[in-house]
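These notes concern the structure reproduced below.
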Amino acid sequence: MNIPAFTLDRQYSDIGSSIQEAVSNVIKSGQYVGGEEILKFQDSFASLIGVKYAIGCNSGTDALVLALRALDIGSGDEVITSSFSFFATAEAVSIVGAKPVFVDINPATYLIDIDRIESKITDKTKAIIPVHLFGNPIDMSKIQSIGKKYNLKIIEDCAQATCTTWQNQKVGSLGDVGCFSFFPTKNLGAAGDGGAVTTSNERLAQKIKELAVHGSPKRYSHTRIGYNSRLDAVQAAVLNVKIKSISKWIGARQRIAENYFNLIGKHKRIFLPKINSEFKNHSWNQFVLRLPNNIFSLQRSYAELFETDLHKNKSLRNLIQSRLAEKGINSIIYYPIPIHAQIAYQNIDINREDLIHTERVCTEVLSLPMFPEITYEEQQYIATSLNSILIEYSES
Ligand SMILES: *Cc1c(COP(=O)(O)O)cnc(C)c1O
């Protein structure tokens, strides 16, 4: 067997012809920027998430930048977030001139450790960006109460969490704004880059809309320095087709996750992901397990820990990843390097001890193949292979 970590081939066999038709209609129409497809998608997406407004933009990264700008966050401000995320979460904060302040994660859920947030709040803190990483919902009730207590804005990073819910509400409707990505590997992916910002605040929605089009409330009038960050019509047309299948796909992801839980044996060398809520609230963009190792130590340099060529074949995770690959099972590491250890942030002042779980988890995580069309037989093969490899390592 050869099982990809992620593929769109099978989805294309299902709905490819509808996508082709939708794209070709846009091409024929000549309306490539703005227009009906965009308006239709923004309405459908707002109602999917349960907010009054959804504003399409160029990417999930831009969604974060637009949200920060709309909330007047910039130079001199601090924004609390997690260092165990895709780089863009912190990058957006730096792009607007503010400083990302990293709080450690809970190693079982991979989510920001809410109990550690308050100790990082200063006079300069303006916002929190909770990341619903891998589709696992953060406790938004607790985040909201911290926000209220310290008068902080809440920007949800929902890039991996389209259709994740917290207490029967979709994430992206629980903060001041929600930021979504339609990068092809996300739960709802376009045929290229795309993103959206969600909010129920009319004033914010208007400001985001203007910022996304050159700070322009009306044509050739510019009241702010903004961006050229629109969702284009072809992508909106693709998304209008794909949004019809979103509940089916999320249901499939949840079944697949459940199968992994049932098929992968209990083993002292493996930690399965902890759901931060009920099973059906998680949208399972990724199924990420943890394989603990002995190589991790704060005494080791970033280069020793995180540069794969240096620590290659030293960690159990890397050994198991290559053993799986030999059996035709492709897995991915999200994320091999914490954001604070990236060269781009080499001058940021952090205390590594404060981020020990983030650093350790980067040396342990492995994401198994996860896409709605994976078959039960493929999952059985993955689990059987993993179980037999792990038995070998427990004997040695
Ligand atoms: C993908 C992603 C982003 C950025 O989205 P793009 O559309 O790729 O710009 C931001 N945050 C997280 C957590 C992501 O996974």
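The values are calculated or read from the model by the stated rules, or taken from the named source; none is laboratory data. Remember, it's a predicted structure, so these values are computed and weren't measured experimentally. Counting neighbours? That spans all protein chains shown, and the Cβs are built from the backbone with ideal geometry, glycine included. SASA here: full protein model, heavy atoms, side chains in, ligands and nucleic acids out. Shrake-Rupley method; radii C 1.70, N 1.55, O 1.52, S 1.80 Å.
Computing the accessible area with a 1.4 Å probe over protein heavy atoms, can you report the carbon and sulfur percentage for the chain?
Values: 8390 of 17260 Å².
Solvent-exposed carbon and sulfur of the chain make up 49 percent of the total.
Computed over the Cα atoms, what is the radius of gyration of region 205-277 divided by 2.2 N^0.38 Å, N being its residue count? Before the final figure, lay out each step's value.
On the way: Rg = 21.8 Å, N = 73, 2.2 N^0.38 = 11.2 Å.
Cα-based Rg divided by the globular estimate yields 1.94.
Along Cα→Cβ, 7 Å out, is where each label goes; now give me the distance between the ones at Ala5 and Glu373 in nm to one decimal.
The two pseudo-label positions are separated by 2.0 nm.
List the aspartates and glutamates whose Cα sits under 12 Å from the Cα of Lys40, skipping any in the same chain fewer than 8 residues away.
Of all the aspartates and glutamates, none pass the test against Lys40 - Cα under 12 Å, at least 8 places apart if same chain.
By how many nm would the segment from Glu202 to Leu263 lengthen if fully extended, with 0.36 nm per residue of separation less the alpha-carbon distance?
On the way: separation 61, 0.36 × 61 = 21.96 nm, distance 4.73 nm.
Value of the extension gain: 17.2 nm.
I'd like the per residue volume of the convex hull spanned by the Cα atoms of region 230-386, given in cubic angstrom. Each step should come with its number before you reach the end.
On the way: hull volume 26.9 nm³, N = 157.
Output value, Cα hull per residue: 171 Å³.
If Lys and Arg each add +1 and Asp and Glu each add -1, what is the summed charge of the other residues whose beta carbon sits under 15 Å from the beta carbon of Tyr335?
Values: positive: Arg290, Arg317, Arg360; negative: Glu91, Asp104, Asp157, Glu307, Glu359, Glu364.
With Lys, Arg at +1 and Asp, Glu at -1, the neighbours total -3.
Taking a 21 Å limit on the Cα-Cα distance, which of the listed pairs Lys52/Lys170; Lys186/Lys242; Lys153/Lys244; Lys142/Lys170; Lys124/Lys153 fall beyond it? Walk me through the numbers on the way to the answer.
On the way: Lys52/Lys170 13 Å; Lys186/Lys242 12 Å; Lys153/Lys244 32 Å; Lys142/Lys170 16 Å; Lys124/Lys153 12 Å.
Pairs exceeding 21 Å: Lys153/Lys244.
For Lys327, go through the lysines and keep the ones whose alpha-carbon is under 25 Å away, minus same-chain ones fewer than eight residues off.
The qualifying lysines are Lys266, Lys268, Lys312, Lys314.
Over the Cα atoms of the chain, each weighted equally, I'd like the Debye log10 I(q)/I(0) at q = 0.07, 0.08, 0.14 Å⁻¹, rounded to two decimals.
The Debye formula, applied to the Cα set alone, gives -0.32, -0.42, -1.26.
Given N residues in region 255-316, what is Rg(Cα) / (2.2 N^0.38 Å)? Can you show the working numbers first?
Numbers: Rg = 15.2 Å, N = 62, 2.2 N^0.38 = 10.6 Å.
That works out to 1.44 for region 255-316.
How big is Rg to Rh over region 9-245, alpha-carbon atoms, Rh as the Kirkwood inverse-mean-distance radius?
Here Rg/Rh amounts to 0.98.
Starting at the first residue of region 97-105, write each ³J(HN,Hα) from the Karplus equation 6.51 cos²θ - 1.76 cosθ + 1.60 with θ = phi - 60°, in whole Hz, x for Gly and Pro.
Taking θ as phi minus 60°, the curve returns x, 8, 10, x, 10, 8, 10, 5, 9 Hz for region 97-105.
Would you mind getting the Kirkwood hydrodynamic radius of region 1-74 from its Cα pairs, rounded to one decimal in Å?
Kirkwood radius, region 1-74: 15.5 Å.
I'd like to check one number: the per residue accessible area of region 9-245, probe 1.4 Å, reported in Å² as a whole number. Spell out each step's value before the answer.
On the way: 9790 Å² over 237 residues.
Roughly 41 Å² per residue, with all protein chains present.
Rounded to the nearest 0.05, what FRET efficiency is calculated for Asp72 and Gln167 with R0 set to 35 Å and r the Cβ-Cβ distance? Let's see the in-between values first.
Numbers: r = 29 Å, r/R0 = 0.84.
Rounded to the nearest 0.05, the efficiency is 0.75.
Using a 10 Å cut-off on Cβ atoms, rank the peptides 234-242, 39-47 from the highest mean neighbour count down. Numbers along the way, then the final one.
Numbers: 234-242: 23.7, 39-47: 17.9.
The densest-packed peptide leads the list: 234-242, 39-47.
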